[in-house]
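Okay, so here's the structure we're looking at.
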Amino acid sequence: MGGVGAALRRAACGAGLNQRRDFSWLTQWFSKAPAKAVVAQKTPIKVELVAGTTYRWCVCGRSKKQPFCDGSHFFQRTGLAPLKFKVQETRTASLCTCKATQRPPYCDGTHKSERVQKAEVGSPL
């Protein structure tokens, strides 16, 4: 049975047929280069983070549930994905919504910069 099973696995995988699988249809769903994040807001959002809970911080800036992900990155085909994080202790934190922080998902004050303040909400930096 080992010989027959191995032959079936090779046939199922296309081994020996010199064929490459065509995944070009995926390009309609996943862009080759990720889109740039857009400014969701110009001030951080204070949230109560609960110990042991996993959160998904919106990286793309397109979520309607800021600062958390609502799946907009996928439906708008940005090529971006949320940042998953878990906190060890319950605390209040300021989460970035300008998407320019150097300490994601936490605000580092970058929203106060001239570059962010001059940008329009919904536009990339």
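Tabulated data for the structure shown
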item: FRET efficiency for Glu89 and Lys112, using Cβ-Cβ distance with R0 set to 35 Å, rounded to 0.05; result: 0.80
item: Net lengthening on full extension, Gln76/Arg21 (0.36 nm per residue, minus Cα-Cα); result: 17.2 nm
item: The range 41-125, accessible area per residue, ligands and nucleic acids excluded (1.4 Å, Å²); result: 59
item: Cα gyration tensor shape of the range 60-123, rounded if a/c is under 1.5, else prolate or oblate by comparing a/b with b/c; result: oblate
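The values are calculated or read from the model by the stated rules, or taken from the named source; none is laboratory data. Predicted model, so just to flag it, every value in this text is computed and none were measured. All Cβ positions, even for glycine, are placed from backbone atoms using ideal geometry, and neighbour counts span all protein chains on display. SASA here: full protein model, heavy atoms, side chains in, ligands and nucleic acids out. Shrake-Rupley method; radii C 1.70, N 1.55, O 1.52, S 1.80 Å.
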